[in-house]
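The values are calculated or read from the model by the stated rules, or taken from the named source; none is laboratory data. Quantities reported herein were computed from a predicted structural model and do not represent experimental measurements. No Cβ is skipped: glycine too gets one built from the backbone with ideal geometry, and neighbour counts run over all protein chains shown.
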Amino acid sequence: MTDGKAGRLDEIIASHSRREGPLLPILHDIQAEMGYISEDAKRRIAQALNLSRAEVHGVVSFYHDFRSEPHSKPVLKLCRAEACKARGVESLVAEATAAAGERVDIETIYCLGLCSVGPNAMIGKTVHARLDTPKLTALIKELA
């Protein structure tokens, strides 16, 4: 791991060190910034929080949002919770899958918290609302 990334990991860990229950906030921040939780990050977190690496790995592997390896292609997270289903997300799935092809990963998630303006999708930290086929296809093409 480069010194810059290692230093940034240490900064993230330190920023949560005085919190009660800092593991999940640390993991979320590392995932958001690095795109995944590396073995080095697991080791550093375990050492800083006086946990075993197995305990940290267990949390990373339990929650589907955490990744142990970087994505090989861009990711669009498509909400398929009940409210988005009621607003027509299921009719978008086939078109989205076709538009994504092998260039973009489409992951199903359940609820982005914007139920009244669904269907919704998230790219990185940005949520896109009121999606229809042309809007969703355009988002996917921008990622590819």
Taking the condition of being farther than 27 Å from V75 by Cα, of a type in the set (S, T, N, Q) and surrounded by 14 or more Cβ atoms within 10 Å (Cβ to Cβ), how many residues in segment 1-49 meet it? 0
List every residue pair whose Cβ atoms lie under 6 Å apart, where the two residues are 6 or more positions apart in sequence or sit on different chains, the first residue falls within segment 7-22 and is closer than 19 Å to V60 by Cβ, and the second residue, located anywhere, is outside any loop (DSSP other than H, G, I, E, B) and charged (D, E, K, R). L9/R44; I12/D29
Of the residues in segment 51-78, those that are of a type in the set (S, T, Y) and over 17 Å from P22 (Cβ atoms) come to S61, S68, S72
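When the residues of segment 1-20 are narrowed to those that are of a type in the set (K, R) and under 14 Å from E33 (Cβ atoms), which ends up modelled with the lowest pLDDT? Steps first, answer last, please.
Within segment 1-20, the subset of a type in the set (K, R) is 5, 8, 18-19.
Filter once more, so that each one left must be under 14 Å from E33 (Cβ atoms): 5, 8.
Numbers: K5: 77, R8: 90.
So the residue we want is K5.
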The lone exception for A48 - which of (1) within 27 Å of L9 (Cα to Cα); (2) among the aliphatic types (A, V, I, L, M); (3) in contact (Cβ under 8 Å) with a residue 60 or more places away in the chain it fails: (3)
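Find the residue count for segment 1-54, including only residues that are assigned to a loop (DSSP other than H, G, I, E, B) and out of contact with any helix residue (DSSP H, G or I) (no Cβ under 9 Å at 6 or more places or on another chain). Please lay out each step first, then the result.
Step one: of segment 1-54, the residues assigned to a loop (DSSP other than H, G, I, E, B) are 1-2, 16-22, 35-38, 50-52.
Next, only the ones that are out of contact with any helix residue (DSSP H, G or I) (no Cβ under 9 Å at 6 or more places or on another chain) stay: 2, 18, 20-21, 35, 50.
Within segment 1-54, residues that are assigned to a loop (DSSP other than H, G, I, E, B) and out of contact with any helix residue (DSSP H, G or I) (no Cβ under 9 Å at 6 or more places or on another chain) number 6.
Conditions tested, residue by residue: (1) within 24 Å of K125 (Cα to Cα); (2) not hydrophobic (A, V, I, L, M, F, W, C).
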site: G7; (1), (2): yes, yes
site: A14; (1), (2): yes, no
site: P25; (1), (2): yes, yes
site: D29; (1), (2): yes, yes
site: E39; (1), (2): yes, yes
site: Q47; (1), (2): no, yes
site: Y63; (1), (2): yes, yes
site: F66; (1), (2): yes, no
site: H71; (1), (2): yes, yes
